[in-house]
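The values are calculated or read from the model by the stated rules, or taken from the named source; none is laboratory data. Every value quoted in this text rests on a predicted model; they were computed, and no experiment measured them. Neighbour counts are summed over all protein chains in view; Cβ atoms, including those assigned to glycine, are modelled from backbone coordinates with ideal geometry. Just the protein is used for accessible areas: all its heavy atoms, side chains included, with ligands, DNA and RNA removed. Shrake-Rupley method; radii C 1.70, N 1.55, O 1.52, S 1.80 Å.
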Amino acid sequence: MDKKFDLDKIEFCKEPPIQEPDRQYYYMKKCRESVKAQEAALGRPLTACVQNFGCQMNARDSEKLRGILSEIGYQIIDTEEADFVIYNTCTVRENANLKVYGHLGTLGHRKRKNPHMLIGLCGCMMQEPQVVEKLKTSYRFVDLIFGTHNLYKFAELLCLAMDSDRTIIDIWKDTDKIVEDLPCQRKYAFKSGVNIMFGCNNFCSYCIVPYVRGRERSRNPEDIVNEIERLAKDGVVEVMLLGQNVNSYGKNLETPITFAELLRRVEQIDGIERIRFMTSHPKDLSDELIEVMKDSKKICPHMHLPLQSGSSRLLKIMNRKYTKEQYLTLVEKLRAAVPDISLTTDIIVGFPGETEEDFQETLDVVRQARYDSAFTFIYSKRTGTPAAAMENQVPEDVVKDRFDRLLELVQQISKEMSSRLEGQTVPVLVEEVNTHDKGYMTGRLANNLLVHFPGDEALLGKIVKVHLAQGKGFYYMGEMVQ
Ligand code: 5AD
Ligand code: SF4
């Protein structure tokens, strides 16, 4: 746990402090008293479950929620049979929302049998007013609803929810506030996500993120470096720097700094052996960043570079601010500077007005860029975005057919690409005991692929050398080399 405050030293009789994060630690202590009282009444420990529905930014936020809950005294469990269940939601595509409503239905049944149970909802979906309206009318059993901008207030809001029989709702439209130093419970002891910025200013015409995550805000480089130094002291060897558009990091800080410069500073931190980052927007990917990657010993040779579409015509309507040719030039530059780089991407099929010719351009980029892997998405109409109002939506059967063709091509190339290290011996971060065979461990290559090899739990979190004996398409089988 990354923490700086001690709840036992907080005095209770005083008014809650105004300043953050002190105020939240005060409320954590207050919640802890309630949890203790309930535990005494029930004669057992109280449990809490945080279910994450979203991207890596959400996953990191969920670690903060778990950190706060654990500080409050809840036992964190993975199943929804808990005394407190909170869903950290995503709304980037419609099915993300549908999934949450499905889960909520089941949870409602459980709550009817266990009235003492508390249910919370937070994250991107809660920033949509029509969602909150629906929850207020059809899901009245929910106890606590908050959004993306005030996650740091979780302890304070939970404290209110514990004392109220009405739903506590606190949604902010936007914020310029960044609260540092809240507790956090990491999923892995040896690797961690680190937020470097929040929000997005790009307004790609299909995307709801700028509306639900607000304007771009970068953290101060000193705060980021301090956090990573603390993580390194706590045994973390790999960090993933997180932001919707990391390439524009630092532009709006009082003392501006580039993302490449931030990477140079992170590279200096003792104990950190691997640095990853996500997500890069092609329009802001600088030559300086490519240089830093080329010279670095720690930055992993992996770039996630969302394409979205290969058609310059569509890219313009999507408001992506690059052309097919500019994108392919970037790919060339990256491959020239970091020859073994692994490239991954996101592609949307069926954006309004997409023609067969546009789609062929996308297939053409996939053939030329030769991605190690690609996340392919069917366009989903998001209320409030410019694309939702476009009239020429593509018929479902056409989209489905294109999606299948794209997937086939992506998988074929990715199979060829991912076996290219066969026969080499490479450093691997050992991440898990193999889920199928306990005699095997699963490790991650710098390029983000996985390898399974005979080994035991003592290797967890270590970087070891593994001979990649057999490429299996999307993973390797290997043996550890002493
Ligand atoms: N429909 C489909 N996919 C979308 N994405 C973002 N918005 C939409 C949408 N409305 C995809 C983009 C982005 C990824 C995180 O989700 O490809 O890069
Ligand atoms: Fe959405 Fe575009 Fe921002 Fe990515 S860069 S979060 S796709 S608006």
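Assorted remarks:
- Check on His436, crowded, with 19+ Cβ neighbours inside 10 Å, over 19 Å from Thr362 (Cα atoms) and more than 23 Å from the chain's Cα centre (by Cα): no
- Of the residues contained in region 352-373, none is found to be in contact with a helix residue (DSSP H, G or I) (Cβ under 8 Å, 6 or more places away or on another chain), open to solvent by 70 Å² or more (accessible area, probe 1.4 Å), closer than 20 Å to Leu289 by Cα and part of a helix (DSSP H, G or I).
- Verdict on Glu291 being away from ligand 2 (no atom under 16 Å from the Cβ), under 19 Å from Asp340 (Cα atoms) and of a type in the set (D, E, K, R): yes
- Qualifying position, being of a type outside the set (D, E, K, R) and without any contact (Cβ under 8 Å) to a residue 24 or more places away in the chain, among Leu65, Leu104, Leu98: Leu98
- Helices (runs of 4 or more DSSP H) contained in region 180-269 and holding at least 2 residues within 20 Å of the chain's Cα centre (by Cα) and within 15 Å of ligand 1 (Cβ to nearest atom): 209-213
- Qualifying positions in region 238-260 - open to solvent by 10 Å² or more (accessible area, probe 1.4 Å) and within 16 Å of ligand 2 (Cβ to nearest atom): Gln244, Asn247, Lys251, Asn252
- If you go through region 157-191 and keep only what is more than 21 Å from Arg213 (Cα to Cα), in contact (Cβ under 8 Å) with a residue 60 or more places away in the chain and surrounded by 15 or more Cβ atoms within 10 Å (Cβ to Cβ), you end up with Leu158, Cys159, Met162, Pro183, Gln185, Arg186, Tyr188, Phe190, Lys191.
- Taken together, the residues in region 422-446 that are at pLDDT below 95 and within 23 Å of Glu273 (Cβ to Cβ) amount to 1.
- Filtering region 307-351 to residues that are in a loop (DSSP other than H, G, I, E, B) and more than 14 Å from ligand 2 (Cβ to nearest atom) leaves Gly310, Ser311, Thr323, Val338, Pro339, Asp340, Ile341, Gly350.
- Residue in region 381-390 that is of a type in the set (Ser, Thr, Tyr) and within 16 Å of ligand 2 (Cβ to nearest atom) present: yes
- Positions within region 461-482 being open to solvent by 70 Å² or more (accessible area, probe 1.4 Å) and either at pLDDT 95 or above or in a strand (DSSP E or B) (or both), in sequence order: Lys462, Lys465, Gln470, Tyr475, Glu479
- Out of Glu416, Glu396, Glu431, Glu354, one residue alone is more than 16 Å from ligand 2 (Cβ to nearest atom) and over 27 Å from Cys90 (Cβ atoms). It is Glu416.
- Taking the criterion of being over 30 Å from Leu445 (Cβ atoms), touching a Leu at 6+ places or on another chain (Cβ under 9 Å) and open to solvent by less than 10 Å² (accessible area, probe 1.4 Å), the only residue of region 321-351 that qualifies is Phe351.
- So Asp340, is it more than 14 Å from ligand 1 (Cβ to nearest atom) and touching a residue at least 60 places away in the same chain (Cβ under 8 Å): yes
- Scanning region 199-237 for residues being within 16 Å of ligand 2 (Cβ to nearest atom) and without any contact (Cβ under 8 Å) to a residue 60 or more places away in the chain gives a total of 8.
- Residues of region 90-116 classified as surrounded by 15 or more Cβ atoms within 10 Å (Cβ to Cβ) and within 16 Å of ligand 2 (Cβ to nearest atom), total: 5
- Annotation for region 394-402: at least one member residue is assigned to a loop (DSSP other than H, G, I, E, B) and at pLDDT 95 or above.
- Scope region 30-57; condition open to solvent by less than 50 Å² (accessible area, probe 1.4 Å), modelled with pLDDT under 95 and part of a helix (DSSP H, G or I); matching residues: Met57
- Checking each residue in region 374-393 for being in a helix (DSSP H, G or I) and over 21 Å from Glu361 (Cβ atoms) picks out Pro386, Ala388, Ala389.
- Screening Lys136 on (1) farther than 30 Å from Glu229 by Cα; (2) assigned to a loop (DSSP other than H, G, I, E, B); (3) open to solvent by 40 Å² or more (accessible area, probe 1.4 Å) shows it passes everything except condition (2).
- Test: residue in region 379-397 that is in contact (Cβ under 8 Å) with a residue 40 or more places away in the chain, open to solvent by less than 20 Å² (accessible area, probe 1.4 Å) and closer than 13 Å to Gly310 by Cα: no
- Pairs with Cβ under 9 Å, 6+ apart, first in region 110-132 and in contact (Cβ under 8 Å) with a residue 12 or more places away in the chain and more than 26 Å from Asp174 (Cβ to Cβ), second surrounded by fewer than 18 Cβ atoms within 10 Å (Cβ to Cβ) and polar (S, T, N, Q): His116/Gln38
- Failed item, numbered, when Glu431 is tested on (1) surrounded by 18 or more Cβ atoms within 10 Å (Cβ to Cβ); (2) not in a loop (DSSP other than H, G, I, E, B): (1)
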